Amino acid sequence: MTLHSSWQPHLGEEFEKDYMRELRAFLVSEKQAGKTLYPPMPDIFNAFEFTPFDQVKVVILGQDPYHGPGQAHGLCFSVQAGVRPPPSLKNIFKEINSELGIEFSENGCLTPWAEQGVLLLNSVLTVQQNNAGSHQGKGWEQFTDRAIQVLNEQHQGLVFLLWGKYAQDKAAVIDRSRHLVLASPHPSPFSAHRGFLGNGHFAKANDYLQAQGKTPINWCLD
């Protein structure tokens, strides 16, 4: 398990800690037991690979990866090219369309966002097939908490989009005097109607970035 070079000075030492050694051993044992894990091993750290540390502008926090075949590829809410967008992602697209008038096709791969500085970070970076939440409490949370902490400390003027209680609970280390924190219910069909739809987060994020002298995100995918 390796990390993009830009993140190494900030998170590299985590790989030498006991919790990460135990996590690595757990993943190896799961594979040896014949279990299918998502995303594929080379994609686990794609959030960091596609969005170098010094280029982060926006952070979107997810929970854990999609657990169906061919979906997860290391970016929260994103699916691999050619895979239809799941319901939560469809609601994200619906909200962007409502705010900004952007039309979306059946492309659910969010790599273009990541390449513009949107860190699409799940709290837990792996999952067992068809078993949501199966890798929670194994150490990933400590690693991703540290990622949020170093972003908070070493950046100024980031936008954190926190959807749902799980993401909001992870935000205790964010200094709201240094960064913009936008919170709402989760885009899941179970909660989107309670305040995700209509939250205005994507337009607000771009307004804030422009006020900071930064280039806004082009949320269009096609």
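The values are calculated or read from the model by the stated rules, or taken from the named source; none is laboratory data. Keep in mind it's a predicted model, so treat the numbers as computed, not measured. Quick reminder, even Gly has a Cβ in these numbers, built from the backbone with ideal geometry, and neighbours come from all protein chains shown. Please note that ligands, DNA and RNA were not included when accessible areas were found on the heavy atoms of the full protein model with its side chains. Shrake-Rupley method; radii C 1.70, N 1.55, O 1.52, S 1.80 Å.
Counting only protein heavy atoms and a 1.4 Å probe, tell me what percentage of the stretch 82-222's accessible area is made up of carbon and sulfur.
47
State, to one decimal in nm, how far the label point of LEU197 lies from the label point of ALA172, with both points 7 Å from Cα in the Cβ direction.
Between LEU197 and ALA172, the simple spin-label model gives 3.4 nm.
Quick check on the stretch 119-165: what are the equivalent-ellipsoid semi-axes from the Cα gyration tensor, as sqrt(5λ), descending, whole Å?
Computed over the stretch 119-165, the values are 24, 12, 8 Å.
For the stretch 111-219, take the convex hull of the Cα atoms, compute a quarter of its surface area, and give me that in nm², please.
7.7
Residues in the stretch 115-130, backbone N under 19 Å from the label point at HIS155 (7 Å along the Cα-to-beta-carbon vector): list them, ranges by number please.
Backbone N within reach: 115-125.
Taking only DSSP H segments of four or more residues, each worth -39500 (n - 2.57), what value at 222 nm results for the chain once the sum is divided by all its residues, to the nearest 500 deg cm²/dmol?
-9500 deg cm²/dmol
Sort ASP145, ASP18 by heavy-atom solvent-accessible area, probe 1.4 angstrom, most to least.
ASP18, ASP145
With a Cα-only, solvent-free Debye model of the stretch 8-108, what are the log10 I(q)/I(0) values at q = 0.10, 0.13, 0.17 Å⁻¹?
-0.38, -0.62, -0.96
Sorted by mean Cβ packing within 10 Å, highest first, what order do the peptides 108-116, 93-101, 175-183 take?
Result, highest mean first: 108-116, 93-101, 175-183.
Quick one: if you stick a label point 7 Å off each Cα along the C-beta vector at LYS35 and ASP18, how many nm between them?
2.2
For the chain, give me the percentage of DSSP beta bridges that are antiparallel, rounded to the nearest 5 percent.
Of all bridge pairs located within the chain, approximately 20 percent are antiparallel.
Just the accessible area per residue of the stretch 72-222, please: how many Å² with a 1.4 Å probe?
Computed with neighbouring chains in place, this is 42 Å² per residue.
By how many nm would the segment from GLN136 to GLU106 lengthen if fully extended, with 0.36 nm per residue of separation less the alpha-carbon distance?
7.8 nm
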